[in-house]
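Right, one structure below, let's go through it.
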Amino acid sequence: MPERDDPLWHFVHNRLPGPPSSRFLGWRCVELDVARGTIAVEFAPKPECLNPAGGIAGGFIAHMLDATIGPGVAITLEPGQFPTTVEFKV
């Protein structure tokens, strides 16, 4: 797939900061394979994401998963198309 010029494409290539929720969680694409439709990301969540035991609260983990699946699907779509989460269970 050739290089695209849309905001989502620039986001997954770390050229645009992405949505506020992804910035809050420190989202960054580490590896992207458009041909295989795979993506690897990392997060650097803020201390506000921690539960009382010092781990990342489950709601934030769920959002991290959703913030990974969306771009993973998006890289397989045509320019201008955008995935939407219809149902999500963790």
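The values are calculated or read from the model by the stated rules, or taken from the named source; none is laboratory data. As the structure is a computational prediction, the values presented were derived from the model and not from experiment. As a convention, Cβ positions derive from the backbone with ideal geometry for all residues, glycine included, and neighbour counts pool all protein chains shown. Areas reflect the complete protein model, heavy atoms only, side chains present, ligands, DNA and RNA absent. Shrake-Rupley method; radii C 1.70, N 1.55, O 1.52, S 1.80 Å.
In cubic angstrom, how much convex hull volume per residue do the alpha carbon atoms of the chain span? Before the final figure, lay out each step's value.
Numbers: hull volume 9.1 nm³, N = 90.
Normalising the Cα hull of the chain by residue number yields 101 Å³.
Helix 58-74 and the long axis of the chain differ in direction by around 0°, with both axes built from C-alpha atoms.
Select from region 1-43 those GluC sites (Glu not before Pro) which occupy a DSSP coil region and have at most 13 other Cβ atoms within 10 Å, ordered by residue number. Let's see the in-between values first.
Details: sites: Glu3, Glu31, Glu42; in loops: Glu3.
Sparse-neighbourhood loop GluC sites (Glu not before Pro): Glu3.
When the surface is traced with a 1.4 Å probe over the full set of protein chains, Arg15 keeps roughly 120 Å² accessible. As a length-normalised measure over Cα pairs under 8 Å and 6 or more apart, the relative contact order of region 36-89 settles at 36 percent. Measuring from a point 7 Å past the Cα of Val30 along Cα-to-C-beta, which residues in region 58-89 have an amide N at less than 18 Å? Counting only backbone N, you get 61-73. Tell me which chymotrypsin sites (Phe, Trp or Tyr not before Pro) from the chain have a DSSP coil assignment and no more than 13 other beta carbons within 10 Å of their own. Counting only loop positions with at most 13 other Cβ atoms within 10 Å, the chymotrypsin sites (Phe, Trp or Tyr not before Pro) in the chain are Phe88.
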